[in-house]
Each structure stands twice: as structure tokens, then as C-alpha cells.
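Report on the following structure.
The values are calculated or read from the model by the stated rules, or taken from the named source; none is laboratory data. Note that the coordinates shown come from a computational prediction; the quantities given were computed from them, not determined experimentally. Positions of Cβ are backbone-derived with ideal geometry, glycine not excepted, and every protein chain shown enters the neighbour counts. Just the protein is used for accessible areas: all its heavy atoms, side chains included, with ligands, DNA and RNA removed. Shrake-Rupley method; radii C 1.70, N 1.55, O 1.52, S 1.80 Å.
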Amino acid sequence: MLKTLSSLLSTFFFFAVIALIVVITSVWQISQELPEYQQLADYEPAVTTRLYAGDGQLMMEYAAEKRLFVPEDKIPTLVKNAFIAAEDKTFYSHFGVDPIGILRAAFDNLKNIGRGRRPAGASTITQQVAKNFLLSSEVSYKRKIKEALLAMRMEQAFSKQHILELYLNEIYLGNRSYGVAAAALNYFGKSLDELTIEEAAYLAALPKGPNNYNPKTKYEAAIGRRNWVIDRMVEEDFISSSDGEAAKEKTLEVVDRRGEFVWGAEYFSEEVRRQVKSEFGEDALYEGGLLIRTTLDPKLQKIASTVFANEIRDYDLRHGWRGPLANIPLDDSYVEAMQQVALPAGYANGWIKAIVKSVSTVKANIETIDGQKGIIPLARLSWARKNLKNQGVSNPPKSVADVLKVGDVVMVEPVSPSVIANKKLPTDSYELRQVPDVEGALIAMDPHTGKILAMVGGYSFRKSQFNRATQAMRQTGSAFKPIVYLAALDNGYSPTDLILDAPFVLDQGIGLPKWKPVNYSKKFYGLMTLRQGIEKSRNLMTVRLAQDVGMDKVAEYAKKMGVNPSLPHLLSMSLGAGETKLINMASAYGIMVNGGKKVEPYFIERIQDRNGKTIYRHDRRPCENCQAEKWQNQPLPELADNREQIVDPLSAYQMVSILEGVAQHGTGARLRRLQKHLAGKTGTTNKNQDSWFVGFSPDLVVATYVGFDEPKSLGRYETGAALALPIFHNFMAEALKNQPDTPFRIPAGIKLVRVNHDTGKPAKPEDQSVILEALKPEFSFDNTSQRVIGTPANDNSSTEDNSPSFAVDADDEVQLGSEY
């Protein structure tokens, strides 16, 4: 018997030794396959790049993984304790693995054999770091062995604090959040030190599966897991029992962070993103954790986005109804069919899809996608005239059946309570809506520095990411004329000079039709002052002036003012036939109002890397006294003005004065009602395809245009004065509200002389139209001081043009550079 027992023990011992050797050999072999972990000593995770407005408001975030890195010693103890209680209560005492926890997990897994359950783990925080950084998520014992071996080695190489720092900054917690700092921001809109017990506990509940505890879809599960973590925190004496019970009674509320970003700044943010990616590369943008301070003014951006969108919608209403999204059979499956109809990009918040169930003369009965019943009354459809060719419209509808049919799928919006009360409409009334198909842009700039303060690149960023303020090349129409007149003023001409407004015929060469530009009114006005040529936007005067100055000189000014680097030397270019970008026009007008100095528009003030080091600064002027440690009543440091003077400041002011006349009694006269010093110029291109206004106050330039992406007529009456000017007017009304009026700055040397506005001659006591004209010091009213351009003696309007030919069709000849 003893012999048999001894034999059995020997056999057992033999196989045990063999098994141990196999295990040791396997572990050794696996250990040779372990990845290098020393790289974690210098951990630099992919961190979110953040864009900030000029006042510090957050604009946008860009990241491959939304993460905000926080050093371990800056993470609140409450947050660390919540994760330790939930994930690894022996973290500070184990050597990388928890043997007791492993035995407990193994026992549970044996009990669950055959039940189809995922094997339970006993991973410590250190093991999770090893898996998250160095291993895959494969469920196998080989991976668990690697995980344990790496964890033990990491415990020997790194401190507990470093391991916890790695864990809390790397772990994915759902809601696009990597790391606890990003999760606190994305779930609760808070920094880590602002988290309460219940909020910290909820974050600590997420590592086991964020989607399983999403409070928006699985609220009860989320509350249950959070409260379990709170109980663990009480057990570990991290919080008191009373605090724990109070925390468990709290509801779980998460935030929508979209409201934190500057409203309406998508186009601005995208422009910055493109520039940073181009300069620093994609990795730096999406993983580098850059801090980018931009020039954006959130107040002006909100005004710009609101005003622009409102005017685009008003234009769209003026030009009628383009039809439903679809028409579907009103059968048993109409709800499913309606769900399949896609909403167009660019629809506004509050708009909802609906189907027309029945139609009568006075109303349409509708059902929204969420089952609400309502009506569209005829009284709210007066705008829904049929859209015709060239943006014309039919007569207003006399019946709802003129607009809608049964089965039409449309977008609607509840009529506001105030309108329902005022118009005495049924309470279930809806407005018919459609997304405008016209586009355009607006840009606001500081003329002294070039800072872009606000920008709208289109009606809706969701509809189109193409930025029409910085990327679109468009004809400018009469908005280009001030470049022509400034070239003249800078080369000896005076605002009081006379120019003939009379028929002009240009021979373009053999086989080409004669070019015969006309005024918008189709009338001729004889001799008028140079000032009036801009104020009234006379095409014929502009062409004669350009011919007299020389198109080579006009092209030179267009180039140095940044409008067009290679403007063709054709007289038609003087009327705005050339193409440029909106941002270039804003810059050119900025040169006029800032005294003739070149400014480059820019969007980015400064960029810092993740460590706070400045890697880009727009203003590179040296300033020795700007780094003072404290204020000791020393003089303010003075920075050199290194802007290039490209136009005589006296000429620039003369142009400002003339453009102020446009706003007082010219094509922009509606600006008078604002009672501010404003100036600018309208512009309308061929067949009313583009509507422009570019203008300024003493410290703010605003340029805007409206037009279709595929150029076509905006409509017979949609000129710069009718469409673009109201955008400028409404923007300035809000931007300058409650601000004192500031007159335009007059440079030294300018003489303000009383003259007759109509003749340009010295004012007489009996004159009715008298202005203060801005004249240069050398000007005097003698017999030769008032130049006359276009008299029979010097008018070359019938000679052959030696520049390259420019052919246009007959209709273009009429409206090229339309005066309004």
C-alpha cells in the first residue's frame, strides 16, 4: 500500500514538475514577445487642439482622440479615489497584479462555464495600462499573461503616480472622451476640480463599457452603476456614509457641449484649421494639443451670422416657392415613405418634415413626421408665388392648391404665438419653409491691423463648406470703381475735376463688335464732378477716367492694393469685370480708411504647443519693454509701425470723403438713417448676377456679396443697393449700437473747402448744394485747376483700343459694371 502511494506521489510530482517546466517555458517564451514598455516613461498622448476667440471663448476643438492631458498631481483626489474604488482598490499595495482578485475571477469563470458569458477579468489599473497602450483587446489567456508580465515590469520601472497618470489620461470613457479631463468636460461641462461625488463616481463607472451606461439611452443602468461605485467609495473610506447616501439621491444630468462654442463661427474655424494644417501638418493639428488664439470677435460674429442669414431668407421669400421635397402616395405606408425623404442640408433649427394630407382653398391639412396634426393657412402663403425664369415670380396664390398638392412632403415650422395672436390664426398653424439656394459671404476686418473679426462663408456650413469669403472668385461690378478713382486722385486728379458723361464707343478690333457701355439708367448727364462719378456710380464717367489715367496705372493700383495681381489692361475692367475674392476687397477698402497703409488680413494671433511654448505669433515686431515683470508707472512700450505706405494718405482720405458721400446722398444713402460716419460702395455685375457692398466706419471694414454659386440672375431689381447694402446696414446698426459716433480721421495737409457739390467750384452765398471738399495743399481755384475729361478735344472714345480685345454679348454691353 505504501509502495503504491509512493509510486502515485512520484508520478504526480513528476508530472507537476513537467507541468511547471512547461508553464515556465511558456511564460519565458511569451516574455520574449513583450513589446517595449520604456516608451511610456515619456508619455505624450494625442491631445485635443483648441481654438479660442479673441476674448478667450472656445470656438472649436480638433482631435483624433478628444483628450485633455492633466498631470497626476493636478487630478483631484476625489477623482482618483473614485477610479481606484471602482477598478482597483489595492492599487497602492499590489505589485502589478492582484493574486486574490485573479483567484476570485477564476472561480467565477469556472462557475460560468457553459453559460455563454464573457470570462470575467481581474485586471488591475496597471494591467489596464499595459493593455491600453501596448496590447490588443483580444480575449485569450496568452494576452492575459502578457498583460500580467508587463504590469509587473512596469511597477518596477514606474512610480504608482506615473502609472495612474497614464491610466486616467488614456482611458476611453465614451462621448468622444479620452481621459478623465475630456470626459468631465464632455459629460458635465466642468473641469476636474468642479466635479461632485456623484459625477466623479459616474465617470469611474464607465471603463467597463461606456455604451452600457449612457444616461441618454440607459438611464437606470447608468444610475445603478454609478451608485455601485459610490458604495465602493464608502467601503474604502474615501467618502463618508452620509455623503455617499446624499450623492446616490442625486439625478444624473449630462450637458450638450455644442452650446459652449462661439455661435456661427464654423467658416472661421475651418479657415483656421486649413491654415494650421498647411503650416504645421495634420499630426500637429489633430494630436498636438495646440492652443490657437484667433482674431475672432464673438459679438460681431453673431451679428454677422444672424444678419446675413436673415437677408438671404428674405431674398428667398421674395423669389417664391420652388416646390416640395417630394410627392408620395398617401397610402398605408406613407409614414415610412416620408421617413425615407431626406431633409436638405441647411435647414434651420425648428423646421420639421411634414406631409400634406388634404388641400382646400384656404388651408392645407398636414401631419408632421412625429405625428402632430396642423394646418398651413393661405394667409401664410402670400410669399409662395411660383418661381419663374431669371428669378421672376408669378402673382400671389389665390388658393392653397396653387402651392401645395396632396402627398407633398415639405418642411414646416410652427407659427410663432405672437403672430398667431396678431393675425388671429388657429393655434395649430404652421409656416411653409424652404432652404435658400442663393449664397454669398460677409467679412469684417480691423482696417488698421488686418484682424478678421467676423466671417460668414455661406448661408449654411452644413449645406456647403466652401468658403465664399476666402475662396470664391467673383466679379465685383461697381465696387471696383474706387480703385480707379483712387489711382486718379493719387496721380494729380482732384474730386472737383469734371468728367463728361456721354455716349462712349470703343472699337475692339476687326471682327469684334464695338463696345458701348451705358449707365444703369440708360441716360447721359453731361459734365459732372469726379466725386459725383462715384456717388452716382456713373459707368461712362468711370470708363473715361480710366482711359485718361491709363489702364496700366489702374492695374498697378489693383495689384498693390491686393485686389488683382494681373488685371488685364482693358477698359471693361474699370467697371468691375475682373474677378477677385471678398477678403481682397475688404483689404483694399481698409487701405483707404487707414490712411493708405498696406495691411494683410489674418485670422491667427498666436499658437502655443501643448507645453505652452509659443510656436507662432502674427505680430513679430520687436518690443524690448513688453516683458516687464510688474507695473512701476513706466511709459507704455511703443511698437514701430512697419506697415508699408502704398497710397498717399491725402489721396486715401479724399477717397474716404467721396465714399462717405455715397453713404450720404449716393447709391448708399439709406445709411444716413444710422447717423454714423460710414462710407462705402455698391456693386452689381452683369445681368444682376452678383450684388456687392463694401464699406467702413473709421475702425471697421465690412464687405459682403450675394450671388448663386453657378452664376445666374438674382432678379431684375436685386442690385447692390437692394440686396447687399441692407446686409451692411443691418450689421453696422448692431455692431455700432450704443457706441459714440467717430468721424473719419483727417490727415495733416488736407484742406476742407466749401464748394458747390454739383459744379465743384467755390461755393457762392446763393448756392443750395454746398459741401466741404477735401483738397490737397497744392490745389487752388485758378483757371487751370479744374481738369475737364472727355471734351471733344481730348475724348478718345471712338479710337481703336490697342489692348487685347474683350468680347461680350449684347446684354453684357448694357450692364457691365452696373452702377447700382
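Every test in (1) open to solvent by less than 40 Å² (accessible area, probe 1.4 Å); (2) β-branched (Val, Ile, Thr); (3) over 30 Å from Glu535 (Cβ atoms); (4) in contact (Cβ under 8 Å) with a residue 40 or more places away in the chain is passed by Val406 save one, and that test is (1).
Note on the stretch 673-721: residues that are in a helix (DSSP H, G or I) and small (Gly, Ala, Ser) amount to 2.
The set of residues in the stretch 594-634 that are among the β-branched types (Val, Ile, Thr), open to solvent by less than 40 Å² (accessible area, probe 1.4 Å) and either in a loop (DSSP other than H, G, I, E, B) or without any contact (Cβ under 8 Å) to a residue 12 or more places away in the chain (or both) contains only Val599. Those helices (runs of 4 or more DSSP H) of the stretch 493-593 in which at least 2 residues are under 30 Å from Phe603 (Cα atoms) and touching a residue at least 40 places away in the same chain (Cβ under 8 Å), considering only elements entirely within it, cover 551-560, 582-593.
Take the conditions (1) open to solvent by 20 Å² or more (accessible area, probe 1.4 Å); (2) within 24 Å of Gly661 (Cβ to Cβ); (3) hydrophobic (A, V, I, L, M, F, W, C); Ile483 misses just one of them, which is (1). Among the residues making up the stretch 383-402, those that are part of a helix (DSSP H, G or I) and either closer than 13 Å to Leu317 by Cα or open to solvent by 80 Å² or more (accessible area, probe 1.4 Å) (or both) are Lys389, Asn390, Gln391, Asp402. Going by the conditions given, is Lys190 modelled with pLDDT under 95, closer than 23 Å to Asn227 by Cβ and out of contact with any Gly (no Cβ under 6 Å at 6 or more places or on another chain)? Yes. Out of all the residues in the stretch 336-355, which are assigned to a helix (DSSP H, G or I) and in contact (Cβ under 8 Å) with a residue 24 or more places away in the chain? Result: Met338, Gln339.
Can you tell me which residue within the stretch 433-467, out of those that are basic (Lys, Arg) and more than 30 Å from Ala640 (Cβ to Cβ), is farthest from the chain's Cα centre (by Cα)? Write out each step before concluding.
Step one: list which residues in the stretch 433-467 are basic (Lys, Arg), which gives 433, 451, 462-463.
Now drop any that are not more than 30 Å from Ala640 (Cβ to Cβ), which leaves 433, 462-463.
On the way: Arg433: 24, Arg462: 11, Lys463: 13 Å.
Applying the filter and picking the extreme gives Arg433.
Quick one: in the stretch 194-242, of everything that is β-branched (Val, Ile, Thr) and surrounded by fewer than 16 Cβ atoms within 10 Å (Cβ to Cβ), which residue is nearest to Glu87 (Cα to Cα)? Before the answer, list the steps.
Just the residues of the stretch 194-242 that are β-branched (Val, Ile, Thr), to begin with: 196-197, 217, 223, 229-230, 234, 239.
Filter again for surrounded by fewer than 16 Cβ atoms within 10 Å (Cβ to Cβ), leaving 196, 217.
Numbers: Thr196: 19, Thr217: 24 Å.
Once the filter is applied, the top-ranked residue is Thr196.
In the stretch 310-328, the residues that are among the charged types (D, E, K, R) reach residues that are in a helix (DSSP H, G or I) and at pLDDT below 95 with C-beta atoms within less than 9 angstrom, at least six apart or across chains, in these pairs: Arg318/Gln391.
Kindly provide the set of residues from the stretch 409-447 that are part of a loop (DSSP other than H, G, I, E, B) and touching a residue at least 40 places away in the same chain (Cβ under 8 Å), ordered by number. Even if it seems obvious, please write down each step before you answer.
Here is the first cut: in the stretch 409-447, the ones part of a loop (DSSP other than H, G, I, E, B) are 415-416, 424-428, 434-438, 446-447.
Residues satisfying the conditions are Leu425, Pro426, Asp428, Gln434, Val435, Pro436, Asp437, Val438, Asp446, Pro447.
A single entry from Gly450, Gly492 fulfils the requirement of being under 23 Å from Lys597 (Cβ atoms), at pLDDT below 95 and out of contact with any Cys (no Cβ under 7 Å at 6 or more places or on another chain): Gly492. In the stretch 722-779, the residue that is surrounded by the most Cβ atoms within 10 Å (Cβ to Cβ) out of those that are polar (S, T, N, Q) and in a loop (DSSP other than H, G, I, E, B) is Thr759.
If I ask for residues that are surrounded by 14 or more Cβ atoms within 10 Å (Cβ to Cβ), of a type in the set (Asp, Glu) and more than 22 Å from Pro298 (Cα to Cα), which ones from the stretch 699-721 would you list? Show your work before the answer.
We begin by selecting, within the stretch 699-721, every residue surrounded by 14 or more Cβ atoms within 10 Å (Cβ to Cβ); these are 699-709, 711-715, 718-721.
Subsequent filtering for residues that are of a type in the set (Asp, Glu) retains 699, 709, 718.
Matches in the stretch 699-721: Asp709, Glu718.
Within the stretch 748-791, the set of residues being among the aliphatic types (A, V, I, L, M) and within 22 Å of Asn491 (Cα to Cα) comprises Ala748, Ile750, Leu752, Val753, Val755, Leu772, Ala774, Leu775, Val788, Ile789. Taking the criterion of being in contact with a Leu (Cβ under 8 Å, 6 or more places away or on another chain), of a type in the set (A, V, I, L, M) and touching a residue at least 60 places away in the same chain (Cβ under 8 Å), the residues of the stretch 382-403 that qualify are Ala384, Val403.
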